[in-house]
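Presented below is the structure to which this report refers.
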Amino acid sequence: MVQAKWITEDQLQKGLKFQQQQGGLIGEALVKLRYATEEQVAQALAKQLGIIYASKENQILNPEKGQGLEKMIPEKFARDAAVVPLFVENNTLAVALTDPTNIMVVDNIKLVCGMEIQPFIATKAQILKVIDSFYSAQGGSLIDKVLDKGGEANEASETDVVTSDGKLDLDKVIIGESKGAQSIKLVNAIIKQAIGERCSDIHLEKYDEKVALRFRIDGTLYERSAPQSDLFDAIISRVKILAKLDISERRLPQDGSFTIKFQNRNIETRVSICPTVFGEKLVMRLLDKGNVEFNVDKIGFEPRQRDDFLKAATAPHGLILLTGPTGSGKTTTLNAVLNSIKSPEINIMTLEDPVEVKMEGISQVQVRPQIGLTFASGLRSFLRQDPDVILVGETRDNETAEACLKAAMTGHLVLSTLHTNSALEAIPRLIDMDIEAYLLASTLLLVAAQRLVRVLCPDCKVPYRPPQEELDLFAKESYLNPLPDLTKLTFYKARGCPKCVNMGYKGRKAIYEVFFITEAMKRIISKDADQPKLREAAAMGGAWDLRASGWRKVLAGITSADDMMSITMTEH
C-alpha cells in the first residue's frame, strides 16, 4: 500500500501503533483511522497473496444461479463468517471472503460444503450486500416463491385485490393469492417484503439484459431478487393501474399514489415513473404513518435546540426556515412542531406538495400546478382564511419567497423549507431571490438544518476506545463546554446481528443545527449577510452546527462516528 502510494510511511507507523493498542489486523487499523478504504486493503492483500480480488464492479462477486450454492453454504453461516459462494467447478467451491489466511474459517467452509475451496478476496461491506441479494434476506422468499411458480396463474379481477374505497388490501391478497395473475402477485410480494424490511423506497428498473430491484433501508440501497425481464412491463402496468396513471403513456414521466392496507395499517404509497433509455424506471415511496412519531421530544433535538425551535414556533409572527436535502426528514420535523403547538385557539393551514401525512386539527392543502394552485397563489388565498400559522411546503422561487415574507410581516407565523447545504446558507439564498436584506433581518426568527443518521442496533453495537485522531476531532468539533474526560470516552460501532439483518443499524434519527436569530445576527444580515460572521455570532450565542450535534449522538451511543461523519461536513 505504501508502494502504491495509497498510504504514507507515517500513516503506516501510526496504523501499526494503533494495531498494537487495539489488536486486530493492520488493514482494519488503517481503515478505522481512515487512512485507506476497505477496497484498497482488499486489493493490496490480493496482490500480496496472489489471490483474485472479487467485487461487484469486476463482475466476479456475482454468485452463479442454479448451482444450489445456497444449500452448500447456508445463509446463517454465510452471514456469521462473512463469506459468499460464487460457483462450483471440478468439485471445488469458489468462495469470496475477507481474510483467506484465516485457516479456521476456511476449514469450517470445507466442513460445511464438503468440497475443496478456491478463495477470492472481497470487502466485508460488498460481501454482506451480495448475501442480502443472493439469499433474499428476511422474507425475500416471498418474491422467489412467485417467480418460481411461473406464469401459470389465471387473471384476477381488480375487486380481488382492491377494496371498495380504493385501497390495496394485502391481507386479503395473500389469502387468495393463487387466483391472481403473476404480475399482481409479484407486486404484492414486493410491497409486502419491503414493508417487512422497513423499506422507505422501492426501486425497479430495467437495463439492457436484466431487471434490478432495490430497497432503500435506513438511507442505503440494497439489492433484492428481481423479476425476469419479460415480467417487467406487466409489473409497471399493474402499478400504473393502482396509482390511476395512463398505462399507454411510456414517453413522459408520471406521478401518482395509492394506499396499502396491511396488518391494520394504512400505508400511503407515492409512485414515480420515469422513462429511461432501457424502459421505464419505477420508484415507490412507502409512507407508513405508524412508524412516524410527531413528538418534538423524540425526533432528535438536543434540549437547547428544542427550546429554541419552540420559542420561535410560539411567536405571534415571523419566518422559520428549515433546510436540508430531499429525504432528510424536514416534513416530519415541521409536522412534529405543528403537532406540539396546535390547539382549538390557533388556525393552522399548510400548503404541501404532496400532503404526505394527514393531521387532525390542521387544514392541509395539496398544491396542483396544472390547475394554477401553486405555492405562491395558494399562499395568497390563505391570507383570506384568517390563519395564525402557515406552513409552506417548499420555497422554490422568488414569488413564493416574497409571499412568505409578506405573510410573516403582516402578523402570521410562517414555516417553510429550503434546499441548501447548511442553515445559514438560507439567508444569502433568499437575498439572491431578490428579498431585501433589511426586511429579511426584521422578519426571520430562526433558521435550521437537519440530516438523518443511522441508529446503531441496540442488540449488537460494539463499544470501542476511540483512536487519538477521532478524539481530536471530537474535542475540536463538539462544542461541548466543559469537555468530558477524553481518556475515559467510549464510542460504539456497528457489528450486525439477525435482529438488524446484519446491517448493524436499525432506524434513523435526525441531527440538527438550530440558529435563533439574535440582534447581532440581524445586524449582519442587514449589512452584508456574511456567513462566517453569522456563524461566529451564532456561536457567541451558544448555538452549534450539524457536526457538533452529530458528536453528541455519537457520545450518547445512538450512532457511530463513521456514519455521522459520512453525512456531515466540518466547518473547520
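The values are calculated or read from the model by the stated rules, or taken from the named source; none is laboratory data. What you are looking at is a predicted structure, and each value in this text was computed from that prediction instead of being measured. Don't worry about glycine lacking a Cβ; one is built from the backbone with ideal geometry, like all the others, and counts go over all protein chains shown. Side chains are part of the model used for accessible areas, which takes the heavy atoms of the whole protein and leaves out ligands, DNA and RNA. Shrake-Rupley method; radii C 1.70, N 1.55, O 1.52, S 1.80 Å.
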Under Karplus coefficients 6.51, -1.76 and 1.60, residue-wise ³J(HN,Hα) of segment 40-45 in Hz, glycine/proline x: 5, 5, 5, 5, 5, 5
Using modelled amide H (1.01 Å from N, peptide plane; none on Pro or chain starts), what sits under 5 Å from the amide H of Q118, excluding residues fewer than 5 places away? L93, A94, V95
When volume of the Cα convex hull per residue in Å³ is calculated directly from the model, which label among (i) 183; (ii) 220; (iii) 163 fits? (i)
Distance in nm between E469 and T487 label points, each 7 Å along Cα→Cβ, equals 2.4
Compute, for segment 288-384, the length of the dipole vector about the Cα centre, with Cβ point charges of +1 (Lys, Arg) and -1 (Asp, Glu) only. Units Debye, rounded to 20. 280
Separation of the R380 and V357 label points, Cα + 7 Å toward Cβ, nm: 3.2
Spin-label point model (7 Å from Cα, Cβ direction): what's the K527 to Q370 distance in nm? 5.1
A 21 angstrom limit on the alpha carbon distance is what I want to check against. Which of K192/K553; K32/K476; K47/K124; K342/K406; K129/K298 exceed it? K192/K553; K342/K406; K129/K298
Which aspartates and glutamates have a Cα lying under 14 Å from the Cα of K240, excluding residues fewer than 8 positions away in the same chain? E158, E249, D255, E280
Sorted by packing (mean other beta-carbon atoms within 10 Å per residue), highest first, where do 56-67, 434-445 land? 434-445, 56-67
Return the sequence-ordered ³J(HN,Hα) values of segment 114-127 in whole Hz as given by the Karplus equation 6.51 cos²θ - 1.76 cosθ + 1.60 applied to θ = phi - 60°, using x for Gly and Pro. x, 9, 6, 10, 10, x, 10, 9, 8, 7, 5, 4, 6, 4
Order of exposure, largest accessible area first, which applies to M433, M409, M284 with probe 1.4 Å: M409, M433, M284
Please list 3J(HN,Hα) in residue order for segment 436-447, calculated via the Karplus relation 6.51 cos²θ - 1.76 cosθ + 1.60 where θ = phi - 60°; whole Hz, with x for glycine and proline. 5, 4, 5, 5, 5, 4, 7, 9, 5, 9, 7, 10
State the extension gain, in nm to one decimal, for the chain segment bounded by E75 and E345, taking 0.36 nm per residue of separation less the distance between their alpha-carbons. 91.5 nm
With a 1.4 angstrom probe the carbon and sulfur portion of accessible area for the chain, in percent, totals 50
If I measure Cβ to Cβ between cysteines in the chain, which ones have no partner under 4.7 Å? C113, C199, C274, C404
Segments 392-399, 423-430 sorted - mean Cβ within 10 Å per residue, highest first: 423-430, 392-399
What accessible area per residue, rounded to a whole number of Å², is obtained for the chain using a probe radius of 1.4 Å? 48
Please work out how much length the chain gains when fully extended from Y207 to D230, using 0.36 nm per residue of separation minus the C-alpha to C-alpha distance, in nm with one decimal. 7.0 nm
